[in-house]
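Please read the structure below before turning to the comments.
The values are calculated or read from the model by the stated rules, or taken from the named source; none is laboratory data. A quick note: this is a predicted structure, and the numbers were derived from the prediction, not measured. Every residue, glycine as well, gets a Cβ built from its backbone with ideal geometry; the counts of neighbours run over all protein chains shown. Note: accessible area is taken over every heavy atom of the protein model, side chains too, but ligands, DNA and RNA are not part of it. Shrake-Rupley method; radii C 1.70, N 1.55, O 1.52, S 1.80 Å.
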Amino acid sequence: MQNHQHPRVELDTINTWQAEGVVLLKGVFTPWIDSLASGVSTLMANPSQYGHARTVIPKDGSAPFFQDYCNWSRIPEFEAFVFQSPAAEIAAALMKSQTAKFFHDHVLVKQAGGSTITPWHHDQPYYCVHGQQNVSFWIPLDPVSEDISLRCIRGSHLWNDEFSPTRFNGTQLYQHKRFKDMPDIDGHQDKYDIVNWALEPGDAVAFHFRTLHGARGNHTANSRRVFSARWVGDDATFADRGGVTSPPFPELTLQDGEPLVSPLFPEVWPIK
Ligand SMILES: O=C(O)CCC(=O)C(=O)O
């Protein structure tokens, strides 16, 4: 059955996403993959001020885990994806929101053989945003087998807990202890409903900012290039986290609880 307000998204998909906080979208971004890949090449040749700090160099000498974010306004291929792809419309449908604002882009490249593990975490405590209406699209630009794909815990977006954000290099993002410690998920995997899929370029995993997720290292001979596109909906307000968030958005002067309104976060849906 199709949802008439958002013909690109099946009602079942919306219901699954609302209930489980994670859903596989097959082939929704296929026409965008070559241009996103070209944007990632440009970015890796010329990272932003954040690229150097975010990239993790494994101690075992294996390949780096390249990361960078907030580059859509300087990489034309990313800007085109934000404003012209169906992502905003799909995000609004999943979030059950009248509007979709672009929050930021995040590029995550696990180069061939790179051993860096993405630790279990959820994104909302890293971000300067409160609210329930949000979604990230994890979009691989290379085929990704199940064992190196994103792993998510179904239903964890509905847990009351918020866990302490840890940088992917293992250090704590904030000095305070406002958030709980992450439980030992890998040590008790049978207790959690963990889902991961093999993906082709063009597929995406949609997941909520509160959905717990992580990924293994890339033991394969191929790079695992990912473009993550993050969206917020009608209920998004500014969150003062008591420390510098990730991304930091130093230009923002909003107070805690104010609507997240800024040219940094363009409203892309509905189309003006
Ligand atoms: O790609 C990864 O390894 C992790 C992705 C992630 O944490 C995210 O997109 O929020």
Estimated FRET transfer efficiency when R0 is 22 angstrom, pair Ser262-Arg8 (beta carbons, to 0.05):
0.20
Expected output is a single nm value to one decimal: the length gained when fully extending between Lys26 and Ala221, i.e. 0.36 nm times separation in residues minus the C-alpha distance. What is it?
67.7 nm
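Send over a whole-number figure in Å² for the accessible area per residue of region 1-116, probe 1.4 Å. Please list the in-between numbers first.
On the way: 5110 Å² over 116 residues.
Solvent-accessible surface per residue comes out at 44 Å².
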Using modelled amide H (1.01 Å from N, peptide plane; none on Pro or chain starts), what sits under 5 Å from the amide H of Leu212, excluding residues fewer than 5 places away?
Ile153, Ser156, His157
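Roughly how many Å² is the accessible area per residue of region 204-258, as a whole number, for a 1.4 Å probe? Could the numbers behind the result be given before it?
Details: 1940 Å² over 55 residues.
Accessible surface, normalised per residue, equals 35 Å².
Rank-order 183-189, 48-54 by packing density, defined as the average count of other C-beta atoms within 10 Å over each peptide's residues, highest first. Write out the running numbers ahead of the final one.
Details: 183-189: 11.7, 48-54: 14.7.
Answer by packing, highest mean first, reads 48-54, 183-189.
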Mind checking the dipole of the chain: about its Cα centre, +1 per Lys or Arg Cβ, -1 per Asp or Glu Cβ, Debye to the nearest 20?
400
Extension gain (nm, one decimal) between Asn160 and Ala19, 0.36 nm per residue minus Cα-Cα
49.3 nm
Region 162-169 - phi-based ³J(HN,Hα) in whole Hz, Karplus 6.51/-1.76/1.60, Gly and Pro as x
10, 9, 4, x, 10, 5, 5, 8
So how much slack lies between Glu146 and Arg178, counting 0.36 nm per residue of separation and subtracting their Cα-Cα distance, in nm?
8.1 nm
Which peptide among 117-128, 89-100, 254-265, 23-34 comes first, and what is the full order, when sorted by highest mean count of other Cβ atoms within 10 Å?
89-100, 117-128, 23-34, 254-265
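Nearest 20 debye, what's the magnitude of the dipole of region 224-272 about its Cα centre given +1 on Lys and Arg Cβ and -1 on Asp and Glu Cβ? List each step's numbers first, then the result.
Numbers: 5 positive and 7 negative charges, 99 e Å.
In debye, rounded to 20, region 224-272 gives about 480.
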³J(HN,Hα) across region 210-226 via Karplus (A = 6.51, B = -1.76, C = 1.60, θ = phi - 60°), whole Hz, x for Gly/Pro?
9, 6, 6, 8, x, 7, 7, x, 9, 7, 7, 8, 10, 5, 10, 8, 10
Express the carbon and sulfur contribution to the solvent-accessible surface of the chain as a percent, rounded to the nearest whole number, probe 1.4 angstrom.
52
